[in-house]
Amino acid sequence: MKRAIGNIRQLFTAIAIMAAQLAMMAGARAQEPPPRPISVHVEPGQGLIFGAFFLGASGGTVTINPDGSRVIMGSIVGANLGYPFSPAIFEVLANQGTLIQVMRGPDAILTGSNGGTMTMRIGTLSTGDQFITTAQPPTRNLVRVGGILTVGSPSANPVGAYSGTFQLTFIQE
């Protein structure tokens, strides 16, 4: 019996030594560090365009969604005068798997060519406010940005072309 117990101990000892050797050969694994260098490059690909519309007595809002659709509320009538409407598009070049957060800037003031101003609020983003890049460089990740334009009465917003700038900050996490 003592001999059988001794053989079992030797067997367990041999198994333990083999397991330790296998563990050392396999090496420890963890999440790999992000590719170096970590850099994010953002290029504007297309501006945010609200298209043409006619003002009613009280104004309203014109919303451009990231999918390119347009929603008009209030006493505004959409016009098809050959002026397109579309979301803004930003091209983000970053290593695949990079976590990026997008922060919106303040509301933008658009100034009219014949006077007047309108306020534009940055709308939703096709990627959400935080996303992980999926494209392998040199392919770029596209971020489509919608907006909400608040339009006043015809006296506050005379006919003309309105323009301005808005700010987005892309932060690599």
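Descriptive notes on the structure:
- Cα centroid separation - the range 37-111 against the range 114-166, whole Å: 3 Å
- The range 44-103 - accessible surface per residue (Å², probe 1.4 Å): 49 Å²
- Vicinal HN-Hα couplings computed from phi for the range 152-165 (Karplus, 6.51 cos²θ - 1.76 cosθ + 1.60; Hz; Gly/Pro x): x, 6, x, 6, 7, 10, x, 4, x, 9, 10, 8, x, 10
- Percent carbon-and-sulfur accessible area, the range 40-173, ignoring ligands, DNA and RNA, probe 1.4 Å: 55 percent
- Applying 0.36 nm per residue to the separation of Thr139 and Asp67 and subtracting their alpha-carbon distance, the gain on full extension is 23.9 nm.
- Peptides 155-163, 49-57 ranked from most to least packed give 49-57, 155-163, packing being the mean of other C-beta atoms within 10 angstrom over each peptide's residues.
- Linear extension gain, Leu168 paired with Ser86, 0.36 nm per residue minus alpha-carbon span: 27.8 nm
The values are calculated or read from the model by the stated rules, or taken from the named source; none is laboratory data. A quick note: this is a predicted structure, and the numbers were derived from the prediction, not measured. Neighbour counts run over all protein chains shown; Cβ positions are idealised from the backbone, glycine included. When the accessible area is computed, the model is the full protein with side chains, heavy atoms only, and any ligands, DNA or RNA have been set aside. Shrake-Rupley method; radii C 1.70, N 1.55, O 1.52, S 1.80 Å.
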